[in-house]
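A.B. asks: Next up is a structure, given as C-alpha cells.
The values are calculated or read from the model by the stated rules, or taken from the named source; none is laboratory data. Here the structure is a predicted model, which means the values were calculated and not measured. Glycine gets a Cβ as well: all are built from the backbone with ideal geometry, and neighbour counts include every protein chain shown.
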Amino acid sequence: MPERIHFQNVIATFNHYAQYSLSANNRRRRDIYSLSREDQDTLDKLGYKKKLDEVDTAILANADFLAKIVENPEIFGLDPDEEEDPSPSIDPHQAPELQHSHSHDHGAAAGRSHDHEHSHSSGHGHHHSQDQHHNGGHGPGRKKYKPSEFDMDKLRSTLKQFVRDWTEEGAREREMCYQPLIDALVEFYPNTQSPEDRSKLRVLVPGAGLGRLAWDVAKLGMHFNFPDSYPFLSFQKGFSCQGNEFSHYMLLSSYFILNRTESIGQHRLYPYVHSFSNVPNRQAMLREVSLPDVSPSSLPPTSNFSLVAGDFEKIYGVESDPDEPQSGQWDAILTCFFIDTAKNIVNYLRIIHKILAPGGVWINLGPLLWHFENNSTNDLSIELDLEEVKALAREIGFEISNERDIDTTYTSNSQSMLGYVYKAAFWTATKVA
Ligand SMILES: C[S@@+](CC[C@H](N)C(=O)[O-])C[C@H]1O[C@@H](n2cnc3c(N)ncnc32)[C@H](O)[C@@H]1O
C-alpha cells in the first residue's frame, strides 16, 4: 500500500476512535436491555449502567487527546486530505454498530505484538506486526476508510505505550527495561574528563516506540556532580542519540509529545477502559493517568537528539544518502523489545554490526516473540531460539558479555487480574571483528 494511503488510514483510525469505542461500549448497554426486568434492576443496584456511562466519558477524553495528535498531520509532509469526515458527530448512546469482533483472541494474523493485555492465548496476543496491512482502497475516489479492529488495536496499544514511556505509572516498567540498557551504556563509556566527550558518542535506538529511551539517553547525566579530583561543579552532557521508528501511530504520537507538549501533566488518559476482562474493580479500569511525567522540552538546546522515520533495514542497511553515511558511524546501538520484529534476524544483526564503529557496542534487552511467525501475508520469518541468536551474533563478529535474564512486563496494566512477565534476554555485545 502506498505510504500516503497508509498514512491517511492511520489518521482515519485516530479520528474514528470515539465512534468505534463508544459503539463497543454501547453493545454492553444493549445487552443489559435483553435481560429480564428483574436482572436489569439487580445490575442497576450494582451501578453497572453508571459504570458504562463513566466509560463513555473516559473514551471521549481519550478521543480529545487523540484529536490533538492528528490536528496538523500535514507536518508529516503527507497529504491527509482524502480522509473526509474527520470527526463524525457522536452520541454515545446512539453510536452506530461497527463491524468488529470483541473476542479476546485476535485470531490468525500476520504477526504479533508485545502488548498482551487482551489475549487469553498462551502468552501471545496475536496481532499484525506492521501497520501496513489494511483493507483501504487506493487512488482518487477511494471509499471513506473504515478502520478495522486491527487498526483500533494498534491505536489502543499506542495509548498504552504512552503510559510506558511518558507517565509516572510507567516508571516501574522503564526501570526494568530502559535502566539496564542505560547502565550498561554508561558502564561501557564511563564519564570522561570533558562533558563534551560524551556528546560526541553517537547512540542509535532502532524501534524507538514513543522515544523515551532515546530521549533519556540524550538527557543522561543532566545533573551536577562533584568529581573528587575537581572541586567545582561539573555539568555532564547526554550522549548524542537518534531514535528510529516506522509506525505512523508511534511517529505521530512521539512528534506530539516531544514537540507539542509544554508542561508536565498537561494531558490525561484512560488507557484501560477498552476491556472489561480481568478487572478487579472500577478504579482499576477507570483510573486516569496524566502525562508527561517530565517536560520533553527540557533537553538543553545543545543536546543532540533526533527521531528518524522509516524502516530500520532501509535507512541503516543501505548507504542511500552520501551525506548520511552509516557504516561504522555508531558508537552504541540499544535495542529494547526490537530484534524479534525482524523477518530476517541475520540481516538485522549484520546491519547492527556493520554500522557500529570498530569496538562499538550493541546492548540488547527483549524477548523473542517473533513478530512474523505464522504470518498470513507470506512474509519471510526466520525464528531462532535464544542460543541461536547469540551464536549468530558471535558468528557475525560480536563478543557477548554481561548476559542475564530480566523479568519485565510490557505495557501492562499493573492492576489487572492477568499479567504477563517476560524473561527478557539482556546482553552487551562488542564489535570485535
Ligand atoms: C515492541 S515495540 C518496542 C518499542 C520500544 N523500544 C519499547 O521498548 O517500548 C517495537 C517497535 O519497533 C518498531 N519497528 C518494528 N520494525 C521496525 C523496523 N523495521 N524499522 C523501524 N521500526 C520498527 C515498531 O513500530 C515498534 O514501535
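A.B. asks: Could you check region 301-334 and list, in sequence order, the residues that are within 16 Å of PHE239 (Cα to Cα) and either surrounded by 13 or more Cβ atoms within 10 Å (Cβ to Cβ) or of a type in the set (Ser, Thr, Tyr) (or both)? Give the derivation first.
C.D. replies: If we filter region 301-334 for residues that are within 16 Å of PHE239 (Cα to Cα), which is where we start, we get 301-307, 329-334.
Passing the criteria: THR302, SER303, ASN304, PHE305, SER306, LEU307, GLN329, TRP330, ASP331, ALA332, ILE333, LEU334.
A.B. asks: I would also like to ask the following. Could you pull out the residue among PHE312, PHE305 that is of a type in the set (Phe, Trp, Tyr) and closer than 16 Å to ASP165 by Cβ? Spell out the reasoning first.
C.D. replies: Numbers: PHE312 fails: closer than 16 Å to ASP165 by Cβ.
After applying the criteria, what remains is PHE305.
A.B. asks: Something else now. Give me the helices (runs of 4 or more DSSP H) completely within region 1-81, filtered to those with at least 1 residues that are within 18 Å of THR158 (Cα to Cα), ordered by residue number. Break it down into steps so the answer makes sense when it comes.
C.D. replies: On the way: elements: 3-33, 37-46, 48-69.
Helices (runs of 4 or more DSSP H) meeting the threshold: 3-33, 48-69.
A.B. asks: Further question on the same structure: Inspect all residues belonging to region 231-239 and state whether any of them is under 27 Å from ASP197 (Cα atoms) and either among the hydroxyl-bearing types (Ser, Thr, Tyr) or at pLDDT 95 or above (or both). Spell out the reasoning first.
C.D. replies: Quick first cut of region 231-239, residues under 27 Å from ASP197 (Cα atoms) only: 231-239.
Filter again for either among the hydroxyl-bearing types (Ser, Thr, Tyr) or at pLDDT 95 or above (or both), leaving 234.
Yes, region 231-239 contains at least one residue that is under 27 Å from ASP197 (Cα atoms) and either among the hydroxyl-bearing types (Ser, Thr, Tyr) or at pLDDT 95 or above (or both).
A.B. asks: Regarding region 374-381, can at least one residue be identified that is under 22 Å from the mean Cα position of the chain (by Cα), of a type in the set (Val, Ile, Thr), farther than 15 Å from SER113 by Cα and within 16 Å of the ligand (Cβ to nearest atom)?
C.D. replies: The answer is no, given that none of the residues of region 374-381 is under 22 Å from the mean Cα position of the chain (by Cα), of a type in the set (Val, Ile, Thr), farther than 15 Å from SER113 by Cα and within 16 Å of the ligand (Cβ to nearest atom).
A.B. asks: Out of all the residues in region 37-47, is one or more surrounded by 13 or more Cβ atoms within 10 Å (Cβ to Cβ) and hydroxyl-bearing (Ser, Thr, Tyr)?
C.D. replies: At the first step, the residues of region 37-47 found to be surrounded by 13 or more Cβ atoms within 10 Å (Cβ to Cβ) are 40, 43.
Now narrow it down to the ones that are hydroxyl-bearing (Ser, Thr, Tyr): none.
No, that holds for no residue.
A.B. asks: Which one of these is without any contact (Cβ under 8 Å) to a residue 40 or more places away in the chain, surrounded by 16 or more Cβ atoms within 10 Å (Cβ to Cβ), away from the ligand (no atom under 14 Å from the Cβ) and farther than 22 Å from LEU213 by Cβ: LEU392, LEU384? Give the steps one after another, and end with the answer.
C.D. replies: Numbers: LEU392 fails: without any contact (Cβ under 8 Å) to a residue 40 or more places away in the chain.
Selected residue: LEU384, the only one of LEU392, LEU384 that is without any contact (Cβ under 8 Å) to a residue 40 or more places away in the chain, surrounded by 16 or more Cβ atoms within 10 Å (Cβ to Cβ), away from the ligand (no atom under 14 Å from the Cβ) and farther than 22 Å from LEU213 by Cβ.
A.B. asks: Six or more apart or on different chains, Cβ under 6 Å: which pairs go from a residue in region 283-311 that's more than 24 Å from SER199 (Cα to Cα) and of a type in the set (Val, Ile, Thr) to one that's modelled with pLDDT of 95 or more and surrounded by 13 or more Cβ atoms within 10 Å (Cβ to Cβ)? Could you list them?
C.D. replies: Final answer for the pair search is VAL289/VAL163; VAL289/THR167; VAL289/GLU169; VAL289/LEU269.
A.B. asks: Checking the condition assigned by TED's automatic domain parsing to the domain that holds HIS353, modelled with pLDDT of 95 or more and either over 21 Å from SER412 (Cβ atoms) or polar (S, T, N, Q) (or both), which residue from VAL289, VAL279, VAL273, VAL217 passes? If you could, list the steps in order and put the result at the bottom.
C.D. replies: Numbers: VAL289 fails: either over 21 Å from SER412 (Cβ atoms) or polar (S, T, N, Q) (or both); VAL279 fails: either over 21 Å from SER412 (Cβ atoms) or polar (S, T, N, Q) (or both); VAL273 fails: either over 21 Å from SER412 (Cβ atoms) or polar (S, T, N, Q) (or both).
Being assigned by TED's automatic domain parsing to the domain that holds HIS353, modelled with pLDDT of 95 or more and either over 21 Å from SER412 (Cβ atoms) or polar (S, T, N, Q) (or both) holds for just one of VAL289, VAL279, VAL273, VAL217, which is VAL217.
A.B. asks: If I ask for residues that are part of a loop (DSSP other than H, G, I, E, B) and in contact with a helix residue (DSSP H, G or I) (Cβ under 8 Å, 6 or more places away or on another chain), which ones from region 385-432 would you list? Reasoning before the result, please.
C.D. replies: First, pick out the residues of region 385-432 that are part of a loop (DSSP other than H, G, I, E, B): 385, 397, 409-421, 432.
Once the filter is applied, which keeps residues that are part of a loop (DSSP other than H, G, I, E, B) and in contact with a helix residue (DSSP H, G or I) (Cβ under 8 Å, 6 or more places away or on another chain), region 385-432 yields GLY397, THR409, TYR410, THR411, SER412, ASN413, SER414, GLN415, SER416.
A.B. asks: Go through (1) surrounded by fewer than 21 Cβ atoms within 10 Å (Cβ to Cβ); (2) part of a strand (DSSP E or B) for LYS343 and report which single condition fails.
C.D. replies: Failed condition: (2).
A.B. asks: Continuing with the same structure: In region 247-283, what count of residues is obtained for those that are surrounded by fewer than 21 Cβ atoms within 10 Å (Cβ to Cβ), farther than 16 Å from VAL70 by Cα and among the aromatic types (Phe, Trp, Tyr)?
C.D. replies: Summing the residues that are surrounded by fewer than 21 Cβ atoms within 10 Å (Cβ to Cβ), farther than 16 Å from VAL70 by Cα and among the aromatic types (Phe, Trp, Tyr) in region 247-283 gives 1.
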